[in-house]
Amino acid sequence: MHNFFVAHEVAVLGAAQLVSLALLAYMMVDFGRFLLYWAGSAHAFRHNRPAEPGDPDVFQWHLVVPCRDEDAVITATLDGLRASTPRAHLWVVDDDSDDRTRELVLEAAARDPRIHLVQRRRTGSVGLGGNGQFVRLTALDELGRGTGAPWPERALLEDYESGLELRLAGYRLTHVHETRVSQEGLVSVRRFLTQRTRWAQGNMQRLRYNPRVLRSPHYTLAGKAEVLYTFLQPVVCVLLVLLTPVSLGISLATRICYPQDAAVFEQRFGLLMLIAFVIAALPLVRWGAVYRTSVRPERSRRTGLLWGLLLWLYTYHLFVVAVRAAVRLLLGRNGWAKTRRNAELTAVGAPTALEA
């Protein structure tokens, strides 16, 4: 093999340089794509206009809590809602739970006349999905016209897919910055990767929406760019995972067979590669400082910097889950199971997801 490389030195070096430059160009384009996305997000964040505060006492409040198999957290959820909204009616929509969710809600309702249980047969989807989402019933009725199923069942992220369908149908979707949503964080790495793999696979499944989004008059140019960025994120991660070993292999082979030429190439382009790496990490690190200034000004600048560094390291899990999602797609594994709560015990035959 060494004799082959020596005999075809010019051709091999030329091919190696072309491949390396192509990989570098691809990474730079990807970094540029990320920078544009980050710049747009930062611009929207800085120029957000807070909504005028309203008077909650002029309304009668009814809070809906869709759930299924939530006996580990439903009591604490109701207690927290009652503490924060003493006069609100709490409607628990139980989607045919197999655990003690229904019994716990009934016990709470016996103590509190403003707690109500709505028992449903299992539908496979309790609500729109996600946390803190609110949709007009008329909009859902329009999505389900003819089928009776407003939530698509074509992708693992039915909530985001429903949002796409709503936007493509002309409905206006907006984000309210002043709202806050509390949720339980995953403390198991295995369950965390399982959940994020499902999200990445759902993004890949939604690539078929690209033509409709690009043709839609309801999406602005910036909106189309943001949607495409989200769709392509796991695909880009998979390509980088595949291309990185190729790049490393070329570098190693060049160092072994042509050490002088490798040194010249690294001297010429090494600094450019380092700059590209810094450009990719800097916005994420910077975001920690922006978040501290805007949301947690009582924390130190050092803490903001630490948050940014942790966010940068956190993003590397995307490469792991993207590859897992691609493998699942190739194997035809499209099943979904509910992520297990931290307080739930692992049990054989349990209806909630473990780490499969």
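Throughout, read-outs are computed from the coordinates displayed, never taken from laboratory work. For clarity, every value in this text was computed on a predicted model and none was experimentally measured. Don't worry about glycine lacking a Cβ; one is built from the backbone with ideal geometry, like all the others, and counts go over all protein chains shown.
What to note about this one:
- The stretch 69-121, relative contact order in percent, only Cα pairs under 8 angstrom and at least six apart counted: 43
- Exposure proxy ranking, count of Cβ atoms within 10 Å, fewest first, for T138, T194: T138, T194
- Ranking of I279, I74, I256, I250 by count of other Cβ atoms within 10 Å, fewest first: I256, I279, I250, I74
- Shape of the stretch 30-77 from the C-alpha gyration tensor: oblate (a/c of 1.5 or more and a/b not above b/c, with a ≥ b ≥ c the square roots of its eigenvalues).
- Taking Cβ atoms as reference points and 15 Å as the exclusive limit, the residues near R111 contribute a net charge of -2, counting Lys and Arg as +1 and Asp and Glu as -1.
- Taking Lys and Arg as +1 and Asp and Glu as -1, the other residues whose beta-carbon sits under 15 Å from that of S247 total -1.
- Ordering M273, M204 from the fewest to the most neighbouring beta carbons within 10 Å gives M273, M204.
- Net charge of Cβ neighbours under 14 Å - reference A280; Lys, Arg +1; Asp, Glu -1: +1
- Taken about its Cα centre, the stretch 69-121 carries a charge dipole of roughly 440 debye when the Cβ of each Lys and Arg holds +1 and the Cβ of each Asp and Glu holds -1.
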